[in-house]
Amino acid sequence: MEHEKPLEDLTIKELKEMALAMGGISGVSAMKKTELIIAIKKAKGLPVKETREKPIETVVELKHKMREIREQRDSLRKRTDKEKMRLLTRKISRLKKRTRRLAEKTA
């Protein structure tokens with residue numbers, strides 16, 4: 001059964017049903033929408049648009065960013081700008097989480 005809508009317009013549920021019906025695609029239930037679309041296009045032999053991935057950051061680069069943000073935060077302490085300090089602290093926290101995830105991937 002062919003769908004008239006392009007794959008991008010289908011819901012995840014419809015894409016999963018289509019992938020399961022086609023067979024030969026493993027891990028369908030864990031795939032995201034973009035992964036499903038690529039897998040279905042490859043299985044059908046349709047051209048797959050190449051997507052650019054985000055540049056991969058290293059732990060060293062992230063820690064350098066954290067150092068810079070900490071310096072900014074410390075300079076704001078002298079001015080007692082609490083709102084901006086809070087935002088910078090949140091940025092540092094997010095960067096820490098990203099470094100932990102990267103460390104887990106490389107371990």
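The values are calculated or read from the model by the stated rules, or taken from the named source; none is laboratory data. Computed from a predicted structure; not experimentally measured. Reconstructed Cβ throughout: ideal geometry from the backbone, glycine too, with neighbour counts over all protein chains shown.
Looking at the range 42-57, is at least one residue touching a residue at least 24 places away in the same chain (Cβ under 8 Å) and of a type outside the set (S, T, N, Q)? For the range 42-57, residues touching a residue at least 24 places away in the same chain (Cβ under 8 Å) and of a type outside the set (S, T, N, Q): present. I'd like to know if the range 23-41 contains one or more residues that are over 22 Å from the mean Cα position of the chain (by Cα), of a type outside the set (S, T, N, Q) and assigned to a helix (DSSP H, G or I). Looking for residues that are over 22 Å from the mean Cα position of the chain (by Cα), of a type outside the set (S, T, N, Q) and assigned to a helix (DSSP H, G or I), one finds none in the range 23-41, hence no. Residue pairs whose Cβ atoms lie under 6 Å apart, sitting 6 or more positions apart in sequence or on different chains, and linking a residue in the range 77-104 that is under 16 Å from HIS64 (Cα atoms) to a partner that is of a type in the set (Val, Ile, Thr) and assigned to a helix (DSSP H, G or I), are LEU88/ILE69; LYS91/ILE69; ILE92/ILE69; THR99/VAL59; LEU102/VAL59. Taken over the range 74-107, the criterion of being within 13 Å of LYS63 (Cβ to Cβ), of a type outside the set (Val, Ile, Thr) and in contact with a Lys or Arg (Cβ under 7 Å, 6 or more places away or on another chain) is satisfied by LEU95 alone. When ARG70, ARG77 are checked against the criterion of being at pLDDT 90 or above and either assigned to a helix (DSSP H, G or I) or hydroxyl-bearing (Ser, Thr, Tyr) (or both), ARG70 stands alone in meeting it.
Can you confirm whether LYS42 is more than 30 Å from LYS5 (Cβ to Cβ) and either out of contact with any Pro (no Cβ under 6 Å at 6 or more places or on another chain) or surrounded by 11 or more Cβ atoms within 10 Å (Cβ to Cβ) (or both)? Against the criterion (more than 30 Å from LYS5 (Cβ to Cβ) and either out of contact with any Pro (no Cβ under 6 Å at 6 or more places or on another chain) or surrounded by 11 or more Cβ atoms within 10 Å (Cβ to Cβ) (or both)), LYS42 does not qualify.
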